[in-house]
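Accompanying notes for the structure given below.
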Amino acid sequence: MARFDASGMTISEMREFASFAPGEQRYIRRSLDIALGRGNALQRWARSGEEERSIRDQAALYAEIPMLRQLLRHVEGLDSLEPFIGPLIRLTAYDLAQDRLTGFSAYRFLYERLLGAEARPWLPGAFCGAAALPVIRPDRRRHLLQSISEAAATAHGWSTRAPMFYPEFVEAEAA
């Protein structure tokens with residue numbers, strides 16, 4: 001039964017990923033390659049000098065992810081919140097400012113994989129905080145903030161089940 005549940009959850013996560021726009025899928029795969037050190041992200045994903053610069057910036061910011069994972073374990077109240085939430089909002093603002101994640105669902109999908117299941121309760125607040133910042137264009141702010149459902153923003157509890165599907169770049173075979 002546990003094997004079926006794991007398979008069912010993986011398929012569910014694959015379906016969710018497939019529901020994202022192609023640009024979101026590409027950005028999620030790129031971000032996971034950078035964060036998880038999968039291959040040469042510059043070689044695989046940079047199509048221009050601007051994108052190369054963006055990947056370098058993202059890699060520098062994502063260097064904080066291991067620290068955030070450690071801090072996450074120790075966030076228990078307002079006194080221990082600031083060292084964690086500040087960097088999380090900064091990373092979120094960077095990713096949202098790239099204009100590749102169009103809403104909360106794609107953001108949550110990515111950040112559950114970057115930080116783990118334990119981060120789920122913090123993602124709505126970080127998303128809303130970052131989406132409301134002036135570094136995000138006003139029209140985009142509105143769209144992003146409207147993308148989070150009331151249920152996601154006010155959930156009473158979150159699953160502690162770790163994500164199982166981590167999308168990867170698949171090279172097309174030569175014919």
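The values are calculated or read from the model by the stated rules, or taken from the named source; none is laboratory data. What you see is a predicted model; the values in this text were computed from it and never measured. Here the Cβ is made from the backbone with ideal geometry for all residues, glycine too, and neighbour counts use every protein chain on show.
Here are the numbers for the structure shown:
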quantity: Unmet requirement for Leu133, which otherwise passes all of (1) within 17 Å of Tyr27 (Cβ to Cβ); (2) outside any helix (DSSP H, G or I); (3) hydrophobic (A, V, I, L, M, F, W, C); calculated: (1)
quantity: Count of residues meeting criterion [part of a helix (DSSP H, G or I), loosely packed, with under 14 Cβ neighbours inside 10 Å and at pLDDT below 95] in the range 143-175; calculated: 3
quantity: Odd one out for Ile65, checked against (1) over 30 Å from Glu171 (Cβ atoms); (2) touching a helix residue (DSSP H, G or I) at 6+ places or on another chain (Cβ under 7 Å); (3) not small (Gly, Ala, Ser); calculated: (1)
quantity: Identity of the residue in the range 121-135, within 13 Å of the chain's Cα centre (by Cα) and free of Cβ contacts under 8 Å to residues at least 40 places away in the same chain, that ends up surrounded by the most Cβ atoms within 10 Å (Cβ to Cβ); calculated: Phe127
quantity: Residue list for the range 6-33, restricted to those being farther than 17 Å from Arg108 by Cβ, at pLDDT below 95 and not polar (S, T, N, Q); calculated: Ala6, Gly8, Ile11
quantity: Pair list, Cβ < 8 Å and 6+ apart or interchain, from the range 87-111 residues that are in contact (Cβ under 8 Å) with a residue 60 or more places away in the chain and hydrophobic (A, V, I, L, M, F, W, C) to residues that are surrounded by 21 or more Cβ atoms within 10 Å (Cβ to Cβ) and in a loop (DSSP other than H, G, I, E, B); calculated: Leu110/Leu101
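Residue by residue, here is whether (1) surrounded by 14 or more Cβ atoms within 10 Å (Cβ to Cβ); (2) in a helix (DSSP H, G or I); (3) not small (Gly, Ala, Ser) holds:
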{"residue": "Met9", "(1), (2), (3)": "yes, yes, yes"}
{"residue": "Glu13", "(1), (2), (3)": "yes, yes, yes"}
{"residue": "Ile28", "(1), (2), (3)": "yes, yes, yes"}
{"residue": "Glu50", "(1), (2), (3)": "no, yes, yes"}
{"residue": "Ser54", "(1), (2), (3)": "yes, yes, no"}
{"residue": "Val75", "(1), (2), (3)": "yes, no, yes"}
{"residue": "Ile85", "(1), (2), (3)": "yes, yes, yes"}
{"residue": "Ala93", "(1), (2), (3)": "yes, yes, no"}
